[in-house]
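Since the structure comes first, as structure tokens, the remarks are kept for the end.
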Amino acid sequence: MSRATTYNSLEARSREVERIDLCRRRYWLNHASIAINGRRLPHEIAPGIFAVIEREWTSGDHIELELPTTMRTEPLDTDHLQTVALSCGPLVLFPVTDRPLLATRADLLAATKTDKRSWELESAGSSIQLLPFTEIAEERYSTYFNLL
């Protein structure tokens, strides 16, 4: 399920450009799509491949890139599949707490965004704030959860 969608838009300023290499779809995207002047292109961006648009551009053309992000868990390694980090798109979300963390995978994936750079997790009757690393200052935090 998509939690947030990023729209980036570009505007063509001249007719001199015939080809645009946009972006490479990252592994954490379930899908990504491109629209030109409000019309979605019929093909999806393949994982690991750069999206290429070749056409005659007109001044004022708009390109929209949709990048929906989803919550996912990433195991510590193959020997510790029950020890996971929680990620949303490219961000690892760190629980702000100084106690050991136990949660179900369903609880982790149900974390909700509370503002632009903060999420909240409800687990075992308590609420835990989740932040990307760049938002952590003096708080104690953890990286991994132990799955129940």
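Every number in this text was worked out from the coordinates using simple rules, so none of it is lab data. Computed from a predicted structure; not experimentally measured. Cβ coordinates were reconstructed from backbone atoms using ideal geometry, including for glycine residues, and neighbour counts include every protein chain displayed.
By counting other Cβ atoms within 10 Å of each Cβ, how are Val96, Val84 ranked from fewest to most?
Details: Val96 16, Val84 20.
With the fewest neighbours first, Val96, Val84 line up as Val96, Val84.
For Val96 and Thr114, the difference between the fully extended length at 0.36 nm per residue and the C-alpha to C-alpha distance is 5.1 nm.
With the Cα gyration tensor of the stretch 107-148 giving a ≥ b ≥ c as the square roots of its eigenvalues, does the rule (a/c under 1.5 for rounded; else a/b larger than b/c for prolate; else oblate) give rounded, prolate or oblate? Don't jump to the answer; show the numbers that get you there.
On the way: a/c = 1.98, a/b = 1.33, b/c = 1.49.
Oblate shape, in that a/c is at least 1.5 and b/c is the bigger or equal ratio.
Between His80 and Ile136, the C-beta separation translates, for a Förster distance of 25 Å, into a calculated FRET efficiency of about 0.60. Remark: the stretch 71-147 carries a charge dipole of roughly 180 debye about the Cα centre, counting +1 on each Lys and Arg Cβ and -1 on each Asp and Glu Cβ. When the GluC sites (Glu not before Pro) in the stretch 45-114 are filtered for DSSP coil states and for at most 12 other beta-carbon atoms within 10 Å of their beta-carbon, the remaining sites are Glu56.
Which value, to two decimals, describes the C-alpha radius of gyration of the stretch 53-147 once divided by 2.2 N^0.38 Å?
Working: Rg = 17.5 Å, N = 95, 2.2 N^0.38 = 12.4 Å.
For the stretch 53-147, the normalised Cα radius of gyration is 1.41.
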